[in-house]
1. Hull surface divided by four, with the convex hull built on the Cα atoms of region B:3-113: how many nm²?
2. Could you pull out the GluC sites (Glu not before Pro) across region A:13-117 that fall in loop regions by DSSP (anything but H, G, I, E, B) with no more than 15 other Cβ atoms inside 10 Å?
3. In Å² (nearest 100), what accessible area is buried between B and A, both sides summed, heavy protein atoms only, 1.4 Å probe?
4. Taking a probe of 1.4 Å, how large is the accessible area per residue of region B:3-113, in Å²?
5. Per residue of B:44-53, what is the mean number of Cβ atoms on other protein chains within 10 angstrom of that residue's Cβ?
6. Kindly report the accessible area of region A:1-71 per residue (heavy atoms of protein chains, probe 1.4 Å, no ligands, DNA or RNA), in Å².
7. Whole Å is fine, so just give me how far the alpha carbon centre of region A:54-101 lies from that of region B:37-62.
8. How large is the dipole of region A:5-99 about the Cα centre if only Lys and Arg carry +1 and Asp and Glu carry -1, each at its Cβ, rounded to the nearest 20 debye?
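The values are calculated or read from the model by the stated rules, or taken from the named source; none is laboratory data. Only a predicted model underlies this, so the values are computations on that prediction, with no experimental measurement involved. Because the Cβ atoms are built from the backbone with ideal geometry, glycine has one as well, and the counts that use them run over all protein chains shown. With ligands, DNA and RNA removed, areas are computed over all heavy atoms of the protein, side chains included. Shrake-Rupley method; radii C 1.70, N 1.55, O 1.52, S 1.80 Å.
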Amino acid sequence: GAGVSQTPSNKVTEKGKYVELRCDPISGHTALYWYRQSLGQGPEFLIYFQGTGAADDSGLPNDRFFAVRPEGSVSTLKIQRTERGDSAVYLCASSLAPGQGAGNGYTFGSGTRLTVV
Amino acid sequence: AQSVSQHNHHVILSEAASLELGCNYSYGGTVNLFWYVQYPGQHLQLLLKYFSGDPLVKGIKGFEAEFIKSKFSFNLRKPSVQWSDTAEYFCAVSDQTGANNLFFGTGTRLTVIP
């Protein structure tokens, strides 16, 4: 597609449940990034994929969070045993290549708003 | 660790007023600097970026930003705002050595009154 697609756009889940958030990057973009934007804050880095592998997962807050990109295109962010503090907008971005530092040539998706009740 | 400060949380201007949004960063190395905009209901979009060269950077929609290395600042400016500039503006910085993180400020909400 023309842009980065994220589904669902909104997700409400109960505390303790498992959720999956999907990101479909721009075709041909090998680099994929997940960010989390809490209310009143800027986006915060979670994880970066180059191809199929997670090249940097230093931003994942704890082991309840996990992400995969098995075929080097679509990525799924998985959150186990959700907590109310996980409520945020989860953003995905893709780029052709990491390039000259992060942020070069990023295209962001519209995000998934996750609400844990 | 890098950090980005945007001191203005919410700015309200009338149309045709001039705009300056402050951005300061904390990092000792060589950085790339960005301003992103998020219009209501839309995704983050790049306004402009600075990697090297002329510290005065021109972006889309009449925006510009000036990198002042001695002040660790990258303020965003526009001489005359329009109602359509109403949006949230984020300053961001990354490390030129190849780190994968883009560090964002907390954002400044701009409201332009017609």
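1. 6.6
2. Values: sites: A:E14, A:E20, A:E44, A:E71, A:E83; in loops: A:E14, A:E71, A:E83.
Passing sites in region A:13-117 are A:E14, A:E71, A:E83.
3. The B and A chains share an interface burying roughly 1700 Å².
4. 46
5. 3
6. Numbers: 3680 Å² over 71 residues.
Ligands and nucleic acids excluded, the figure is 52 Å² per residue.
7. Using only Cα atoms, the two centres lie 24 Å from each other.
8. Roughly 280 debye, rounded to the nearest 20.
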